[in-house]
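In what follows, a structure is listed as structure tokens, so that the remarks can point back to it.
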Amino acid sequence: MDNKQLREDALNYHSSDPPGKVTVKPTKPHGTQRELSLAYSPGVAFPCEEIKEDADDAYKYTSKGNLVAVISNGTAVLGLGDIGALASKPVMEGKGLLFKAFADIDVFDIEVDRTDIDQFVEAVKAIAPTFGGINLEDISAPECFEIERRLVQELDIPVMHDDQHGTAIISGAALLNGLEVVEKEISEVRVVILGAGASAISCAKHYLRLGVSPENLIMVDSSGILTSKRMENDELNEYKSEFARDVEEGGVGDALVGADVFLGLSKGGLVSAEMVSKMAERPLIFALANPDPEIIPEEVMSVREDAIVATGRSDYPNQINNVLGFPYIFRGALDVRATEITEGMKMAATNALAKLAKEPVPDDVLSAYGGEQMQFGPDYLIPKPFDARVLIWEASAVAEAAVNEGVARVTAKEFNLDGYREELEARLGLTRSIMRRVINQAKRDVKKIVFCEGENPTIIKAASQCLAEGICKPILLGQVDRISAVKEELGLEFECETIDVRYDPRRRAEYADELHRLRGRRGMTKQDAVRLLRSTTYFAPMMVRMGEADGYLGGVSHHYPDIVRPCLEVIGADPECHRIVGMYMMTVNGQLMFIGDATINIYPDSRTLAEIAIRTAKVARRFGVKPKVAMLSFSNFGTSEEMRTDRIEEAIQMVREMEPDLVIDGPMQADTALVPDIQDDYPFMSFNGPANVLICPNLASANIAYKLLQRVAGAEMTGPILEGLSRPAHVLQRGDSVREVVHMAAICAVDAQRASRQRLID
């Protein structure tokens, strides 16, 4: 895209109605006179009185605890320089958007028309009581150093100048991981930093704290290397003087001779291929000038194929982007009500990012980047900005550091790291929050779960994650060599039981005997059984039946019937169940619901419909939901004379006889089931408010409904969840992500725990 087109698109983006990028939305109901009396006069007086008595109650009764001020005077905006406070507003609004999008933090952007340090500091101090934290932005050096120092010292809320510290924190993670890849010790490497502004100086200080030796760090500004001679000649201010070294004068080319690491925070095109060619073996080159780096990766590779390159751009590997830092640092600081952001908290953020980069990359992140494979190595040193896990890893590390250092209002006794990580996960969506509880339950009694598609990369990555989190003990079926090769391709190292069913002696012996016993009267010979068990889709459920696995998952690369049929034939139905039922758990607009039967029963009769309702409600209870069951139809309570709904009405009567305590009603239209205003027209209904268990009249309508909700309304689906088999087994969907497989593994493991307890009772 040329610059002219980019300019036009950007202006249209910002000017489209409503102008700008942020807005304010109420968080409390305000549609009645009483609600307004609570929101404002006279009710608002009561929290005011509470806060007067205890200032900390502002965190309880107001939005202070989740509100950050993004403040600038516009003296150093991007590469535009000193453009003034008002002209900086689009950037500050953009910062607010990133805070909200990545860490769910509310922001007021504030542009202060003051360049004098004292005036600027006093202005910020005057408005500080409004906020839980202050992010300083785009303030010129050296004034920014003094401004931040004074505000940190004089305020009791976290203050951070992101231009200084953001790049330091994130590039520090890249430095640690890059040195690990090239097998160099941080205390021994020579580092050259081009640029001596706020960001460069902060990076230099951070690198020293990470372990770089002071004598091995050389800084270069527009006039050359920062030398002791230049300091003695008063050419360096107090901030640059800290990095003056007793070395020969020269430029960046001289400094780079034999250097192991280059960090560029200056302007594009200042480093040549020839300069890079003189660096040490396997150099790290972080060329972070925007929009054009000091040297582009192609130029580096033309002379140094052994180099690892990072830029600030998204169109190259290893993007060092501040969005990996500030939202999560403030998230952690706000949540423990920290009084400042310490060096320890910044270091915790760096280490968290470095560790996360070594974890398998989720499929949704891979999809966001065109499906390219990513694993820890030269082209993947730090996580991607769209990796939702950064919130959990980094914010929790920052919060824990604040508590441990004693700068948090939340005490060590009050702070629970695992609980806080769950809270962070809940911010990523209701499904994650619910599934975290299921995962925690699975970890209490770890079960063996067999996967019939053990060679599939998604399954292998899911197995790795299940092991790492202690969700289950995975058993992978497939060719052992192929499984090992895929693990190597993915950069994964883990050990679990692996079975090549072709050579497993049980296939021709006890497994074949049992399958022949089960299916012999259906025409299956012993040889037929041996042949079928050569397929992992039969071998896996047989492992469950024979008690050598506790549960079974399959389906990411098979058609649904190819997985279900062996389950029905081998595992079989629970004798107490009339029908096997398939359902989905879904979250839509913050609501948790269950829909069935979407997978098994094509056109259920009234008895089967009753079973579907009872079984789906049973599963809902397992997820902590008190079921309100709506039996859906095309009409409300049989109002249509053209087509009666006798089948549904009979099913409801059966349910009420079999489960008298279950709240159920219908037949009703979907909007009646969900909209209280419509329900007012039917005062005889057995429940008020939205139903959370939706039973469709047939498989076609259920399948259409859940797929429309998924694709149009953005519903998050978990399932299909099978209920009614004699042993735990679930069918994955073709193309399920790693996260979805892990969630189903946790559900299967918990089902196995329940089945185990039931067998003990029996």
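Each reported figure results from applying straightforward, stated rules to the coordinates on display, with no laboratory input. Computed from a prediction, not measured in an experiment: that's the story for all the values here. No Cβ is skipped: glycine too gets one built from the backbone with ideal geometry, and neighbour counts run over all protein chains shown.
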Listed by chain and number, the lysines with an alpha carbon less than 26 angstrom from that of Lys229, same-chain partners under 8 positions apart left out, are Lys205, Lys240, Lys267, Lys278
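By per-residue mean of other Cβ atoms within 10 Å, what is the highest-first order of 64-74, 682-692? Mind dumping the intermediate values first?
On the way: 64-74: 23.8, 682-692: 14.4.
Top of the packing list down: 64-74, 682-692.
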Mean Cβ-within-10 Å packing, highest first, puts peptides 189-196, 243-250, 214-221 in the order 189-196, 214-221, 243-250
Row for segment 124-239, column shape: gyration tensor on C-alpha, a ≥ b ≥ c, rounded if a/c < 1.5 i.e. under 1.5, prolate if a/b over b/c, else oblate; value oblate
One finds the C-alpha centres of segment 563-603 and segment 688-762 to be spaced, in Å, by 7
Of all GluC sites (Glu not before Pro) in segment 461-515, the ones in DSSP coil with at most 11 other Cβ atoms within 10 Å are Glu493, Glu495
With the 8 Å Cα cutoff and a minimum separation of six or more residues, segment 324-423 has a relative contact order in percent of 43
For segment 471-476, Karplus-derived ³J(HN,Hα) couplings (6.51, -1.76, 1.60; θ = phi - 60°; whole Hz; x for glycine and proline) come out as 6, 7, 9, x, 10, 9
Full extension between Ser557 and Lys358 adds, at 0.36 nm per residue less the Cα distance, a length in nm of 68.9 nm
Whole-Å distance linking the alpha carbon centroid of segment 1-64 with that of segment 403-422 is 28
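Would you mind putting 593-599, 603-609, 47-53, 12-18 in packing order, based on average other-beta-carbon counts within 10 Å, highest first? Working shown, then result.
Values: 593-599: 26.0, 603-609: 18.0, 47-53: 11.4, 12-18: 8.9.
Per-residue mean Cβ counts within 10 Å order the peptides as 593-599, 603-609, 47-53, 12-18.
Does the chain come out rounded, prolate or oblate by the C-alpha gyration tensor, with a ≥ b ≥ c the root eigenvalues, rounded set by a/c under 1.5 and, if not, prolate when a/b is larger than b/c and oblate if not? Each step should come with its number before you reach the end.
On the way: a/c = 2.58, a/b = 1.52, b/c = 1.69.
Oblate.
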Rounded to whole angstrom, the alpha-carbon centroid of segment 447-512 lies from that of segment 318-340 at a distance of 38
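Share of antiparallel DSSP beta bridges in segment 165-315, in percent to the nearest 5?
Values: 2 of 19 bridges.
Antiparallel bridges make up about 10 percent of those DSSP assigns within segment 165-315.
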Within the chain, the percent of DSSP beta bridges that are antiparallel, given to the nearest 5, stands at 25
For segment 581-724, averaging the sequence separation of alpha carbon pairs under 8 Å that lie six or more residues apart and dividing by its residue count, the contact order in percent is 39
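Only helical DSSP H runs with n ≥ 4 go in: add -39500 (n - 2.57) per run for the chain, normalise by residue count and round the 222 nm mean residue ellipticity to 500 deg cm²/dmol. Intermediate results must be reported in sequence, preceding the final value.
On the way: 32 runs with 339 residues, N = 762.
Roughly -13500 deg cm²/dmol at 222 nm, from the helical runs in the chain.
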Between Arg409 and Val303, the FRET efficiency computed from the C-beta separation at R0 = 56 Å comes out, to the nearest 0.05, as 0.55
Straight-line reach check, Lys473, cutoff 26 Å on alpha carbons, 8 or more apart in-chain or any other chain, hits among lysines -> Lys355, Lys358, Lys443, Lys447, Lys448, Lys461, Lys487
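If you filter segment 611-689 for GluC sites (Glu not before Pro), then keep DSSP loop positions with at most 14 other Cβ within 10 Å, what is left?
Working: sites: Glu611, Glu641, Glu642, Glu649, Glu650, Glu657; in loops: Glu641, Glu642.
Answer in residue order: Glu641, Glu642.
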In segment 73-169, the chymotrypsin sites (Phe, Trp or Tyr not before Pro) that sit in a DSSP loop and have at most 11 other Cβ atoms within 10 Å of their own Cβ are none
